[in-house]
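Structure, as structure tokens:
Bear in mind that the values in this text are calculations on the coordinates, not laboratory data. Quick caveat, the model's predicted, so the values are computed rather than measured. Counting neighbours? That spans all protein chains shown, and the Cβs are built from the backbone with ideal geometry, glycine included.
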Amino acid sequence: MTDSRTDYELVKDFISGDESAFNKLAMRYQEKIYWHARRMLGNHLDADEVVQQVLLVMYKKLKSFKFQSSLYTWIYKITATRSLNLIKKNKIKTLLSLDDQITDSTVSGNDIIKNIEEKERLDNVNKMLQKIPPKQREVFILRNYDQLSYEEISEITGKSVGALKANYFHAFKKLKELLDEKGE
Amino acid sequence: MKKVNEELIIRYLDGQLSAEEKKNFEKMLNDSPSLKKVLEKYKAVKDDFSVKEIESVDDTYFNGIVPAFRAKLEKKKKAIPLQRAAYAFTVLVIFTAAFILWRSYTVNGSGQDIYQSITEYLTEDDIDDIADYLSESDLTSNPEEFAVDEIISTDYDLEKIADEISEEESYSIVSGYQINDLYSVANEEEWMEAYQRLINKENL
């Protein structure tokens, strides 16, 4: 059942001690968090880890949230940071394990997509996304999938609009090249 | 010329052209079949990488996110954070000492062996702890203010910190006998700087 309370009201209620208000907020944003993380990281298990981390940060920090920015921008900021962090963590883990094998990050036996064709399509798209640098990928995902304005992305990433447009251009160009290569 | 067109195409598809630019671009499109062809290719990319409803998602996953979070929260409340942090820090100290030895022996060509023999002693959990600590130490206090760029661009002086620890001391630390001595050489902040520098190094 959808809750008619605004984000502001839910946050206020949560701060006043209504734990169920947090659950409502989490349910409102969980899919956006999941899909952003999944596109950034390329697989379900890592995306799930990010979702849980983001909820934990929200739970701990909501009490000090001042509504100086919109709640969804704040949540995206945490999601984007956590996703980049997990990319870094995975890199460190690979190094410490001295694992020379390149693991396919899109391979996962545990997934939430039931239709095989749809899963294959998503895996192909994710594989290509993983080939562009994380910062460019982040901008491309926020712009193309999450459909945020450059001003909102700037608030999330802390980068200038000009730099974001340049990132988007390079990401777009690289993806086209990858698709061209695939088509050859 | 081609580069300019590509930029125009992307800005056009991204809705970033002014009314005047858009008008001129559409006129160019009408006059140039090759430009139109390139535009179609870019449009296909945009369509492939844009919002698409995933129809066959297993709803039980999304329905289970909040209960899973609540269960983790309960578990976390029962854990002893200080003990865990102390353990993670100790493992990190050992790892840093290992790095110093590795750096030292790289000059003689046997660094990889030393590094490998040390990391063999680390369990999967140790590695997970180190990676967690390295990647998140700056986030725990104030995650919304965390900026990856800041860490990457900051020039931490790992070499300077490493220079203050002799090779002999590093051996002792890696052997696990004199960890306390290491604390006296550098403070926690300096070690955190060292770890950040470690992960920023190209070979890491």
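Some observations on this one:
- Its residue count N sets the reference 2.2 N^0.38 Å, and the alpha-carbon radius of gyration of chain A equals 1.11 times that reference.
- Lysine pair count for region A:131-184 (Cα-Cα distance under 16 Å; residues 8 or more apart in sequence or on different chains): 12.
- This ranking places A:Arg28, A:Arg143, A:Arg82 by how few other beta-carbon atoms lie within 10 Å of each, fewest first, which gives A:Arg28, A:Arg143, A:Arg82.
- Loop-resident GluC sites (Glu not before Pro) (DSSP state other than H, G, I, E or B) in region B:20-68 with no more than 16 further Cβ atoms inside 10 Å of their Cβ: B:Glu53, B:Glu55.
- Comparing Cα centroids, region A:1-22 and region B:60-76 end up 18 angstrom apart.
- Anisotropy class of region B:2-48 from Cα gyration tensor, a/c 1.5 cut: oblate
- Selected from A:Val125, A:Val139, A:Val50 as most flexible by GNM, with chain A as the system and alpha-carbon contacts under 10 Å: A:Val125
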